[in-house]
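Taking it in order: structure first as structure tokens, then the write-up.
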Amino acid sequence: MTGEAARVRQMWHLLEPLHAVLYYAPAAFEEAAALGYGTEERWASYFAWRAAPLGAAGTDEVVRAFHSFAPAAVAQYVPASWETAPPEAVLAARLRAVDRAYRALFGDRRVEGAGFAEAASLARRAAEAATPGALGGLGPANSALPWPDAPHLALWHAATVLREHRGDGHIAALGAAGLDPVESLVSFAGVGAARPEVFASRGWSEQEWGAARRRLQERGLLAADGTATEAGRELRAKVELRTDEEAAAPWRALGEEGCVRLAELLGQPWLDTIGSGLLPGENTLGIGKV
């Protein structure tokens, strides 16, 4: 891995948890319930929070933008999400949710302090340099939203733009590698990014998962036990490297000094978020594994 790729991946690892609190914080479930979403499990609010920048998107649009979810899983929530609350109401509520979650995690003094303001300024500089992704992607959709005034909300918005920009590039890298959505997950499990059971949340049936495994075995990418072959590991390494390359423009624009300083500023919030117990210890993104 090149020095630039290592830096790009480091910034992703630091920012991803700061974005992801939206999907797990108690305040987010309370805000979702106030809109009328069920909160017995997290998926009703997850699809609403994440898809709202796309507008009142239909199933097919969300399937393409999210990529890794089975169409049947998406169809359980979209487009019905917008019958519960319109996208503009969801977008306002998610900022309220992040405000409450950040204040609970970090305290009022810290989120209103100089450190968060500086981090927000640096992260915004990077996010504003994100190159446009594919039409209908979540990166451009989030980039088109207005910037929040409060620094801690601007930091969250920047983290969201950057992670969705990276995600759009990751989808492109998977496509270039000839991996369809379910094959992407099966091959990722094969290199040990997470146990196959963790990917069950994406809604693919055992039959669909098994068929994808057989296709990858026929390509010489998986062994009989479902673990990646050497060729499979090489292909996934190329996917991750291309993803880093697709995500590099914002960090080049920020520059080495800016990246180092932002990493310093994010260190303690990252530790606080990881240490809070809000986020799952094993995730489908391969954080800490790739």
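The values are calculated or read from the model by the stated rules, or taken from the named source; none is laboratory data. Predicted model, so just to flag it, every value in this text is computed and none were measured. Here the Cβ positions follow ideal geometry from the backbone for every residue, glycine too, while neighbour counts run over all protein chains shown. Heads up: the accessible areas ignore ligands, DNA and RNA and are worked out on the full protein's heavy atoms, side chains in. Shrake-Rupley method; radii C 1.70, N 1.55, O 1.52, S 1.80 Å.
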Task: Residue ID - nearest to Y102 (Cα to Cα), chosen from residues in segment 143-155 that are open to solvent by 40 Å² or more (accessible area, probe 1.4 Å) and not aliphatic (A, V, I, L, M) - done: P151
- [ ] Determine, yes or no, whether A158 is surrounded by fewer than 23 Cβ atoms within 10 Å (Cβ to Cβ), among the hydrophobic types (A, V, I, L, M, F, W, C) and over 17 Å from A228 (Cα atoms).
- [x] no
Open item on the list: For segment 204-249: of the residues being under 24 Å from the mean Cα position of the chain (by Cα) and among the basic types (K, R), which is farthest from I171 (Cα to Cα)?
Closed with: R233
Task: Residues (basic (K, R) and either buried (at least 20 other Cβ atoms within 10 Å of the Cβ) or in a loop (DSSP other than H, G, I, E, B) (or both)) located in segment 52-102 - done: R94
TODO: Of all residues in segment 114-133, count the ones that are touching a Gly at 6+ places or on another chain (Cβ under 9 Å) and either farther than 22 Å from A173 by Cα or at pLDDT below 95 (or both).
DONE: 6
Open item on the list: Looking at segment 187-195, can you tell me whether even one residue there is under 19 Å from the mean Cα position of the chain (by Cα), open to solvent by 70 Å² or more (accessible area, probe 1.4 Å) and touching a residue at least 24 places away in the same chain (Cβ under 8 Å)?
Closed with: yes
Open item on the list: So E164 ticks every box in (1) open to solvent by less than 10 Å² (accessible area, probe 1.4 Å); (2) charged (D, E, K, R); (3) without any contact (Cβ under 8 Å) to a residue 24 or more places away in the chain but one. Which box is left unticked?
Closed with: (3)
TODO: Considering only residues that are touching a Pro at 6+ places or on another chain (Cβ under 8 Å) and assigned to a helix (DSSP H, G or I), look in segment 230-287 and name the one that is least open to solvent (accessible area, probe 1.4 Å).
DONE: T273
- [ ] Scan segment 149-189 residue by residue and report those that are more than 18 Å from R242 (Cα to Cα) and assigned to a loop (DSSP other than H, G, I, E, B).
- [x] D149, A150
